[in-house]
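Take a look at the structure set out below.
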Amino acid sequence: MPTSAVPNSTDCEAPSAQGLDRGRLRDRVGPELRIVRNLLIARVSSALAEFGLRPGGYTMMALIAANPGCSQSDLSREIAMDKSAVVGILDDLIGKELVRRTRSQVDRRRHDLELTEKGEQMFAAMQPASDLIEQPIVEALSPDERAQFLALLQRMRIGMEASPLKADIE
(Lines give C-alpha, C1' and ligand atoms only; values in the text may rest on other atoms or scores of the structure.)
Protein backbone atom coordinates (compact mmCIF):
# COMPACT_ATOMS: atom_id res chain seq x y z
CA MET A 1 0.00 0.00 0.00
CA PRO A 2 1.52 3.36 -0.97
CA THR A 3 1.92 5.43 2.15
CA SER A 4 2.23 8.78 0.39
CA ALA A 5 -1.29 8.48 -1.03
CA VAL A 6 -2.85 8.40 2.43
CA PRO A 7 -3.28 11.87 3.89
CA ASN A 8 -1.91 12.48 7.38
CA SER A 9 -5.08 13.35 9.22
CA THR A 10 -6.33 12.86 12.75
CA ASP A 11 -9.96 13.34 11.69
CA CYS A 12 -11.34 9.81 12.12
CA GLU A 13 -14.88 10.89 11.29
CA ALA A 14 -14.05 11.71 7.68
CA PRO A 15 -11.52 9.19 6.33
CA SER A 16 -10.25 9.69 2.82
CA ALA A 17 -11.49 7.48 0.01
CA GLN A 18 -8.24 5.54 0.45
CA GLY A 19 -8.79 4.78 4.14
CA LEU A 20 -7.41 5.89 7.45
CA ASP A 21 -3.89 7.07 8.06
CA ARG A 22 -2.10 4.00 9.43
CA GLY A 23 0.21 6.13 11.58
CA ARG A 24 2.77 3.94 13.37
CA LEU A 25 1.28 0.88 11.69
CA ARG A 26 2.23 2.13 8.23
CA ASP A 27 5.59 0.32 8.09
CA ARG A 28 4.70 -2.71 10.21
CA VAL A 29 4.33 -6.19 8.74
CA GLY A 30 1.97 -7.57 11.41
CA PRO A 31 -1.01 -5.26 10.79
CA GLU A 32 -0.82 -5.80 7.02
CA LEU A 33 -0.69 -9.58 7.51
CA ARG A 34 -3.66 -9.34 9.89
CA ILE A 35 -5.71 -7.45 7.30
CA VAL A 36 -4.91 -10.03 4.61
CA ARG A 37 -5.71 -12.80 7.11
CA ASN A 38 -9.05 -11.16 7.95
CA LEU A 39 -9.90 -10.95 4.25
CA LEU A 40 -8.91 -14.59 3.75
CA ILE A 41 -10.99 -15.72 6.75
CA ALA A 42 -14.04 -13.93 5.35
CA ARG A 43 -13.49 -15.67 2.00
CA VAL A 44 -12.98 -19.06 3.70
CA SER A 45 -16.17 -18.64 5.73
CA SER A 46 -18.14 -17.78 2.63
CA ALA A 47 -16.62 -20.32 0.23
CA LEU A 48 -16.73 -23.26 2.65
CA ALA A 49 -20.01 -22.42 4.45
CA GLU A 50 -21.92 -25.13 2.62
CA PHE A 51 -19.67 -27.75 4.23
CA GLY A 52 -20.52 -26.61 7.77
CA LEU A 53 -16.96 -26.54 9.08
CA ARG A 54 -15.71 -24.13 11.69
CA PRO A 55 -12.67 -21.97 10.86
CA GLY A 56 -9.54 -24.09 10.71
CA GLY A 57 -11.43 -27.24 9.73
CA TYR A 58 -10.21 -27.22 6.14
CA THR A 59 -6.60 -26.61 7.23
CA MET A 60 -6.75 -29.50 9.70
CA MET A 61 -8.24 -31.81 7.08
CA ALA A 62 -5.58 -30.79 4.53
CA LEU A 63 -2.76 -31.49 6.98
CA ILE A 64 -4.25 -34.81 8.09
CA ALA A 65 -4.78 -35.84 4.45
CA ALA A 66 -1.14 -35.04 3.67
CA ASN A 67 0.13 -36.62 6.93
CA PRO A 68 -2.03 -39.61 7.90
CA GLY A 69 -1.19 -40.73 11.42
CA CYS A 70 -0.11 -37.28 12.59
CA SER A 71 -1.02 -36.27 16.14
CA GLN A 72 -2.86 -33.34 17.67
CA SER A 73 0.49 -32.03 18.90
CA ASP A 74 1.93 -32.28 15.39
CA LEU A 75 -0.95 -30.16 14.07
CA SER A 76 -0.68 -27.64 16.88
CA ARG A 77 3.05 -27.21 16.24
CA GLU A 78 2.67 -26.99 12.45
CA ILE A 79 0.07 -24.24 12.49
CA ALA A 80 1.33 -22.47 15.63
CA MET A 81 -2.06 -22.81 17.33
CA ASP A 82 -2.85 -23.50 20.97
CA LYS A 83 -3.42 -27.21 21.60
CA SER A 84 -6.84 -26.61 23.17
CA ALA A 85 -8.01 -24.76 20.05
CA VAL A 86 -6.76 -27.61 17.87
CA VAL A 87 -8.61 -30.13 20.02
CA GLY A 88 -11.84 -28.11 19.65
CA ILE A 89 -11.58 -28.13 15.86
CA LEU A 90 -10.67 -31.82 15.83
CA ASP A 91 -13.57 -32.69 18.15
CA ASP A 92 -15.88 -30.98 15.66
CA LEU A 93 -14.38 -32.92 12.72
CA ILE A 94 -14.57 -36.18 14.67
CA GLY A 95 -18.18 -35.46 15.64
CA LYS A 96 -19.02 -35.00 11.96
CA GLU A 97 -17.26 -38.34 11.26
CA LEU A 98 -14.70 -36.65 8.98
CA VAL A 99 -11.64 -37.53 11.08
CA ARG A 100 -10.80 -40.61 13.11
CA ARG A 101 -8.64 -40.41 16.25
CA THR A 102 -7.08 -43.68 17.39
CA ARG A 103 -4.58 -44.50 20.11
CA SER A 104 -1.11 -44.97 18.65
CA GLN A 105 0.21 -48.52 18.59
CA VAL A 106 3.74 -47.15 19.08
CA ASP A 107 3.12 -44.62 21.89
CA ARG A 108 -0.02 -45.17 23.97
CA ARG A 109 0.04 -41.49 25.07
CA ARG A 110 -0.39 -40.35 21.48
CA HIS A 111 -3.48 -40.31 19.26
CA ASP A 112 -3.08 -40.80 15.52
CA LEU A 113 -5.36 -38.91 13.17
CA GLU A 114 -6.67 -39.83 9.75
CA LEU A 115 -9.49 -38.79 7.48
CA THR A 116 -12.44 -41.15 7.32
CA GLU A 117 -13.87 -42.13 3.95
CA LYS A 118 -16.53 -39.48 4.49
CA GLY A 119 -13.76 -36.98 5.33
CA GLU A 120 -11.82 -37.88 2.18
CA GLN A 121 -14.94 -37.37 0.06
CA MET A 122 -15.73 -34.02 1.68
CA PHE A 123 -12.12 -32.87 1.40
CA ALA A 124 -12.14 -33.67 -2.33
CA ALA A 125 -15.47 -31.84 -2.73
CA MET A 126 -14.03 -28.74 -1.01
CA GLN A 127 -11.15 -28.32 -3.45
CA PRO A 128 -12.91 -26.12 -6.04
CA ALA A 129 -14.15 -23.78 -3.28
CA SER A 130 -10.69 -23.77 -1.71
CA ASP A 131 -9.11 -22.77 -5.01
CA LEU A 132 -11.49 -19.80 -5.29
CA ILE A 133 -10.45 -18.47 -1.88
CA GLU A 134 -6.94 -17.55 -3.03
CA GLN A 135 -7.87 -16.62 -6.61
CA PRO A 136 -7.35 -12.87 -6.03
CA ILE A 137 -3.83 -13.61 -4.77
CA VAL A 138 -3.12 -15.82 -7.77
CA GLU A 139 -4.31 -13.03 -10.05
CA ALA A 140 -2.39 -10.28 -8.23
CA LEU A 141 1.00 -12.02 -8.16
CA SER A 142 3.03 -13.75 -10.83
CA PRO A 143 4.12 -17.35 -10.11
CA ASP A 144 7.62 -16.07 -9.27
CA GLU A 145 6.21 -13.40 -6.94
CA ARG A 146 4.01 -15.99 -5.17
CA ALA A 147 7.01 -18.29 -4.71
CA GLN A 148 9.09 -15.40 -3.37
CA PHE A 149 6.27 -14.26 -1.07
CA LEU A 150 5.81 -17.78 0.34
CA ALA A 151 9.57 -18.07 0.88
CA LEU A 152 9.56 -14.73 2.72
CA LEU A 153 6.61 -15.80 4.88
CA GLN A 154 8.43 -19.01 5.76
CA ARG A 155 11.54 -17.03 6.73
CA MET A 156 9.38 -14.74 8.85
CA ARG A 157 7.79 -17.75 10.56
CA ILE A 158 11.20 -19.29 11.30
CA GLY A 159 12.38 -15.98 12.73
CA MET A 160 9.29 -15.63 14.90
CA GLU A 161 9.52 -19.22 16.16
CA ALA A 162 13.20 -18.77 17.01
CA SER A 163 12.63 -15.58 19.00
CA PRO A 164 11.13 -15.72 22.50
CA LEU A 165 7.95 -13.67 22.83
CA LYS A 166 9.49 -11.17 25.26
CA ALA A 167 12.76 -10.77 23.34
CA ASP A 168 13.85 -7.17 22.88
CA ILE A 169 10.89 -5.86 24.92
CA GLU A 170 12.54 -5.91 28.33
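Among the residues of the range 73-91, the one identified as at pLDDT 95 or above and either farther than 30 Å from I158 by Cβ or not in a helix (DSSP H, G or I) (or both) is D91.
In the range 144-170, the residue that is farthest from E78 (Cα to Cα) out of those that are surrounded by 11 or more Cβ atoms within 10 Å (Cβ to Cβ) and basic (K, R) is R146. The residues on offer are M60, M81, and the sole one that is over 13 Å from L113 (Cβ atoms), surrounded by 14 or more Cβ atoms within 10 Å (Cβ to Cβ) and out of contact with any Pro (no Cβ under 7 Å at 6 or more places or on another chain) is M81. Taking the criterion of being at pLDDT 95 or above, part of a helix (DSSP H, G or I) and not aromatic (F, W, Y), would at least one residue in the range 65-72 satisfy it? Yes, the range 65-72 contains a residue that is at pLDDT 95 or above, part of a helix (DSSP H, G or I) and not aromatic (F, W, Y).
Just need a number here: residues in the range 44-57 that are surrounded by 13 or more Cβ atoms within 10 Å (Cβ to Cβ) and touching a residue at least 60 places away in the same chain (Cβ under 8 Å).
Within the range 44-57, the first condition is being surrounded by 13 or more Cβ atoms within 10 Å (Cβ to Cβ), and the residues that meet it are 44-45, 47-48, 51, 53-54, 56-57.
Then drop every residue that is not touching a residue at least 60 places away in the same chain (Cβ under 8 Å), which leaves 44, 47-48, 51.
Total meeting the criteria: 4.
Looking only at the range 92-111, filter to residues that are assigned to a loop (DSSP other than H, G, I, E, B) and surrounded by 14 or more Cβ atoms within 10 Å (Cβ to Cβ); which one of those is nearest to the chain's Cα centre (by Cα)? Among them, the one singled out is L98. If you go through the range 121-150 and keep only what is more than 23 Å from N38 (Cβ to Cβ), assigned to a helix (DSSP H, G or I) and among the small types (G, A, S), you end up with A124, A125, A147. Within the range 112-143, which residues are surrounded by fewer than 16 Cβ atoms within 10 Å (Cβ to Cβ), within 19 Å of G69 (Cβ to Cβ) and in contact (Cβ under 8 Å) with a residue 24 or more places away in the chain? E120 - this is the single residue of the range 112-143 that is surrounded by fewer than 16 Cβ atoms within 10 Å (Cβ to Cβ), within 19 Å of G69 (Cβ to Cβ) and in contact (Cβ under 8 Å) with a residue 24 or more places away in the chain.
The values are calculated or read from the model by the stated rules, or taken from the named source; none is laboratory data. Predicted, not measured: the structure shown is a model, and the values here were computed from it. For neighbour counting, all protein chains shown are included, and Cβ atoms are generated from backbone atoms with ideal geometry for every residue, glycine included.
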